[in-house]
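The values are calculated or read from the model by the stated rules, or taken from the named source; none is laboratory data. Owing to the predicted nature of the structure, the values given are computational and were not obtained by experimental measurement. When we count neighbours, we look across all protein chains shown, and the Cβ atoms used for this are built from the backbone with ideal geometry, even at glycine.
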Amino acid sequence: MRQQQNTSIAPLKTVGHATPRIDAIERVTGKATYTNDIRLPGMLYARILRSPHPHARIRRIDVSKALALPGVKTILTHENCQVVWGAGGISGGLQYNDDIKKITKHRRYVFNNPVRFVGDPVAAVAAVNRHVADEALRLIQVDYEVLSFILEPEEALKPDAVKIWPEGNLSLNAQNQAQPMTTRRGNIEEGFRTSDLVFEDRYTTAFVHNAQMEPRSCVANWDGDKLTLYTPTQGISNCRSDTARDLGIPPEKVQIICQYMGGGFGNKNQNQDADLITAMLAKEAGAPVKLEFTRKDDFIGVHGRWPTVQYYKVGVSRDGVLKGIQLRGYSGMGGYRKNTGTIGGIDIYQCPHIDSVVYPVYTNKTVSGNFRGPEYPQGFYGIESMMDDVAYKLKMDPVEFILKNMTRKSRDEVPYTNYSLEECIRRGAETFEWKKRWRPQPGSDPGPVKRGAGVAFMAFRSALGRSNAVIRLDAKGHYTVFVGVTDVGAGAKTTMAMIAAEALGVPVSKIEVVWGDTDRCPYSVGESGSRTTIQTGYAVVQAAEALKRQIAEKGLPTGDNVLIGSASPNPTLEGKVRAAFGAHFVEVQVDTELGHVRVLKYLAVHDSGRIMNPLTARSQIKGGATMGIGMALHENLLYDRRNGQPLTAGFYGARLMTHRDAPEIEVIFIESDDGYGPYGAKSIGESSKVPAVAAVANAVFNAIGRRMKDLPITRDKILGALA
Amino acid sequence: MAKTKSKKKISRRKFLQGTGAALAVATAAPGVGAQNAATDSIPHTAIRVTVNGTQRRIEVEDRWTLVELLRDHFGLTGTKIGCDRGECGACTVLLDGKPIYSCSNLAVWADGRSVQTVEGLTQNGRLDALQQSFIEHDGPQCGFCTSGQLMSAKGLLIRNPRPTADEIRAGMTGNLCRCSNYNHYVEAVLAAAKGGSR
């Protein structure tokens, strides 16, 4: 196992040392309790009937035969259940705001009519067991008026395209205005006028699914007017406030419990329609209900990454200095706009004139939403392929081009709290032996099997923000840390225990963590935006300081007494921008007769500030990079253009990375401590996927001398490009 | 009413084509229609199966998959269902020492056979060398595929106690990990094999 650590920052006692997860034994013995492992007395099983059509109006639903089936208890449809799913799609992708919810014209219910994609929920059944529930679905008769449909965002904006919403297919923003998202700096025309050369190109990225291993499930139980939801959510606090708002009950009447969860990568953020449907079924049936998604339900009913079309125009001086970057982009949002649909990446270049216009467009595909670095892996693939191409056209080494043009201040004006991008790239190029592996003449290897190298870099937000933590000390010297984190897989519980141990000056074994239950834990932002460690970890440090002050004041507790330290910090950056930095270097081998790409060597260099736990941090980097290879080379949710049916909605069809596909990922951490966050921790989880796709694509170009402009870079496309 | 039906009548092809409920129709006596799905009319079979060393007798519905039996009726929830259609390996258990997808096997097929699940790896409170190695190498991230990875690795080491990294990748390629911690899983199995897996 190769791994290098930078020792230029002062070492700490616990933080920074490879530490096995505090719940590792539960995870390897089958004792860890995931949502679907919960079983309550008298519990019913639920299934969802989904639209078989990409776009249709429901004329009539007849549930009488299904209700007559012995064992069926409750059926919900749009006729008897009109709960709005706030987090599922409110105009502008700004789903968590009550004011927007009041005025929006585009509101998503848990059951919608018309249905807007294959998989849109039509009915839910609760029955004595899952077999009866499955059978009942088959007995529900739905009379559909089938409408015409549209799958591609550019086509959906044409004047004669079928309207998915009455206002048209350009998604409305929070003020109900049909406008694209724009970012402008300088004057783009001026930028192109002062350029020696201007290049234009088009890149597209595919619809890919989060495809976390745990299919969505939920268990709901009402005790009087109090709802307890066992659900895999990346944020128990937000899930509670969302659920309370959507059901119209006070937040204190909702308890969210998530002990263990089987991944999410962004599609288990906040509350889900499954949570609301299960709660309503349980209420209606007067019994606890467990809703189980099938894997197909999960693929077509839970969101994936938005597919994009990206048109770039780049102006540059003859010596390779960027003068202007223009992006016109289209993001396919599906039938509802669950998240923003922006396309990120331009900002990582230093450039005086920037003009970015991105259209979030409704289509009749499964909804798009957050997936590990929501707007970046696809955006970085586009812009970093474009820039890589420009470098070759200027006869420059891509590494030199990056060093000349990469961001040095955020948006060219705001300083970063620390800056290590140059070090990431130089150290990476040296370790990777870039000069040896990169072909100055792309595609120049003799013979049918050609090698090539590619590079991509990134800067990723590491913002601060509010969070809470409580630490209790008893007379026996046991510390209990209460934090509202779940553990999506990144290891938050262990990280919190390590940070508490460090701050309190005690070993990790003295710390117990209470997590994943809104009735027991204070607010945390949850596992989204790569900020759990930064925000909740910082609250843990502050709570530990508060507890130490108590101890200093009152002495250690005795008998039945306890001492409690708590903190609710909301730190700010004082006019700076905080970012994690990184660069990925990839060597591939392309069999030009078969079109097959194999990754031979992969190096990921990351500055994520001080690494809290090198053991789990490495897992995060390796996992993100490996996912990125899959997105670059084969993952794709294909739709049949003739009938709007999803064709690859399953693990095999979606073509995820397997043991055999995964190369060894070498990881280098360049550690830093900028004085913010807990001991200088910055973001990790999402950033590891962000440059991976572009790095692989650029390596393929270097190997074969053909620029692959449409993801995924499958064999047929490679053979087509070489034909 | 319990009816003992020959397991030969349920072909694997027919089973994989349908869901459990479709299967119930396919295996029910003629005349039993799709609407009569009450549990009483579902064909049952009494089986004997050894689970983690303990012999169990149970009357199973013929439509139950093995993973359904293990999770819902024996309470062995360590085995996970990731896809329920033989694509991900999260439900891998050992059947007579060989790794199989328990979602793609019917419970009745386990009659007279021996099943080992992740709960059976720990012997007398001592972790299996694989479990220990998974912890040390941070194999599990979200942990949902972990039981399957462990049982697949266990099955591999039974037939090949000293596998190479490539043999491990080949042997475990039917076990997906979306956290994509493949490097660490392979390292963990290599280390466990060196140290001697019990």
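Annotations for the structure displayed:
- Some residue of region A:466-478 being assigned to a strand (DSSP E or B), more than 30 Å from A:Pro398 (Cα to Cα) and of a type in the set (Val, Ile, Thr): yes
- Qualifying position, being of a type in the set (D, E, K, R), buried (at least 24 other Cβ atoms within 10 Å of the Cβ) and touching a residue at least 24 places away in the same chain (Cβ under 8 Å), among B:Arg113, B:Arg178, B:Arg162: B:Arg178
- Enumeration of residues in region B:101-116 that are within 12 Å of B:Thr54 (Cα to Cα) and within 13 Å of chain A (Cβ to nearest Cβ): B:Gln116
- Positions within region A:171-209 being closer than 30 Å to A:Gly650 by Cα and touching a strand residue (DSSP E or B) at 6+ places or on another chain (Cβ under 6 Å), in sequence order: A:Ser171, A:Arg202, A:Tyr203, A:Thr204, A:Thr205, A:Phe207, A:Val208, A:His209
- Meets criteria (more than 22 Å from the chain's Cα centre (by Cα), away from chain B (no Cβ under 14 Å) and surrounded by fewer than 24 Cβ atoms within 10 Å (Cβ to Cβ)) for A:Leu647: yes
- Meets criteria (hydrophobic (A, V, I, L, M, F, W, C) and either surrounded by fewer than 24 Cβ atoms within 10 Å (Cβ to Cβ) or more than 9 Å from every other protein chain (Cβ to nearest Cβ) (or both)) for B:Met151: yes
- Test result for B:Gln123, under 17 Å from B:Gly78 (Cβ atoms) and crowded, with 22+ Cβ neighbours inside 10 Å: no
- Considering region A:132-158, and only residues there that are away from chain B (no Cβ under 14 Å) and of a type in the set (A, V, I, L, M), the residue that is farthest from A:Ala178 (Cα to Cα) turns out to be A:Val142.
- Complete set of residues in region A:658-684 that are closer than 30 Å to B:Cys88 by Cβ and not hydrophobic (A, V, I, L, M, F, W, C): A:Thr658, A:His659, A:Arg660, A:Asp661, A:Pro663, A:Glu664, A:Glu666, A:Ser683
- Take the conditions (1) within 14 Å of another protein chain (Cβ to nearest Cβ); (2) hydroxyl-bearing (Ser, Thr, Tyr); (3) part of a loop (DSSP other than H, G, I, E, B); A:Ser672 misses just one of them, which is (1).
- Out of A:Ala617, A:Ala604, sole residue that is in a strand (DSSP E or B) and within 20 Å of the chain's Cα centre (by Cα): A:Ala604
- Enumeration of residues in region A:547-587 that are small (Gly, Ala, Ser), assigned to a strand (DSSP E or B) and more than 30 Å from A:Arg437 (Cα to Cα): A:Gly565, A:Ser566, A:Ala567
- Among the residues making up region A:334-357, those that are out of contact with any helix residue (DSSP H, G or I) (no Cβ under 8 Å at 6 or more places or on another chain) and buried (at least 24 other Cβ atoms within 10 Å of the Cβ) are A:Gly334, A:Gly335.
- When A:Thr407, A:Thr417, A:Thr366 are checked against the criterion of being in contact with a Lys or Arg (Cβ under 6 Å, 6 or more places away or on another chain) and not charged (D, E, K, R), a single residue qualifies: A:Thr417.
- Cross-chain or 6+ apart pairs with Cβ under 6 Å, region A:651-662 first and more than 7 Å from chain B (Cβ to nearest Cβ), then surrounded by 22 or more Cβ atoms within 10 Å (Cβ to Cβ) and modelled with pLDDT of 95 or more: A:Ala654/A:His209; A:Ala654/A:Ala211; A:Ala654/A:Glu635; A:Arg655/A:Glu635
- Flag for A:Ala459 being small (Gly, Ala, Ser) and part of a strand (DSSP E or B): yes
- Test: A:Arg328 is surrounded by fewer than 24 Cβ atoms within 10 Å (Cβ to Cβ) and assigned to a loop (DSSP other than H, G, I, E, B): no
- The residues in region A:204-222 that are over 22 Å from A:Met631 (Cβ atoms) and within 12 Å of chain B (Cβ to nearest Cβ) can be counted, and the count is 1.
- Enumeration of residues in region A:411-451 that are of a type in the set (S, T, N, Q) and either within 20 Å of A:Asp607 (Cα to Cα) or modelled with pLDDT under 95 (or both): A:Thr417, A:Asn418, A:Ser420, A:Thr431
- Strands (runs of 3 or more DSSP E) contained entirely in region A:23-81, each with at least 1 residues that are touching a strand residue (DSSP E or B) at 6+ places or on another chain (Cβ under 8 Å), closer than 30 Å to B:Val118 by Cβ and touching a residue at least 60 places away in the same chain (Cβ under 8 Å): A:44-50
- Within region A:564-590, the residues that satisfy the criterion of being farther than 26 Å from A:Gly685 by Cβ and out of contact with any Lys or Arg (no Cβ under 8 Å at 6 or more places or on another chain) are A:Ser566, A:Gly575.
- Each residue in region B:82-102 was checked for being crowded, with 24+ Cβ neighbours inside 10 Å and either hydrophobic (A, V, I, L, M, F, W, C) or assigned by TED's automatic domain parsing to the domain that holds B:Leu150 (or both), and 5 of them qualify.
- Flag if B:Leu70 is in contact with a Leu (Cβ under 6 Å, 6 or more places away or on another chain), at pLDDT 65 or above and not in a loop (DSSP other than H, G, I, E, B): yes
- Region A:49-83 - residue that is of a type in the set (A, V, I, L, M) and under 14 Å from A:Ala220 (Cβ atoms) and, of those, farthest from the other protein chains (Cβ to nearest Cβ): A:Val83
- For region A:376-398, the set of residues classified as hydrophobic (A, V, I, L, M, F, W, C) and within 28 Å of the chain's Cα centre (by Cα) consists of A:Phe380, A:Ile383, A:Met386, A:Met387, listed by residue number.
- At least 1 residues being in contact with a Pro (Cβ under 9 Å, 6 or more places away or on another chain) and surrounded by 17 or more Cβ atoms within 10 Å (Cβ to Cβ) is the threshold, and among the helices (runs of 4 or more DSSP H) wholly inside region A:92-210 those reaching it are A:130-139, A:153-156, A:188-193.
- Tally, over region B:44-75, of residues that are polar (S, T, N, Q) and touching a residue at least 24 places away in the same chain (Cβ under 8 Å): 4
- Just one residue in the set A:Gly537, A:Gly484, A:Gly526, A:Gly454 is crowded, with 23+ Cβ neighbours inside 10 Å and within 30 Å of A:Lys601 (Cα to Cα); that residue is A:Gly454.
- All positions within region A:486-508 that are touching a residue at least 40 places away in the same chain (Cβ under 8 Å), more than 14 Å from chain B (Cβ to nearest Cβ) and outside any helix (DSSP H, G or I): A:Gly505, A:Pro507
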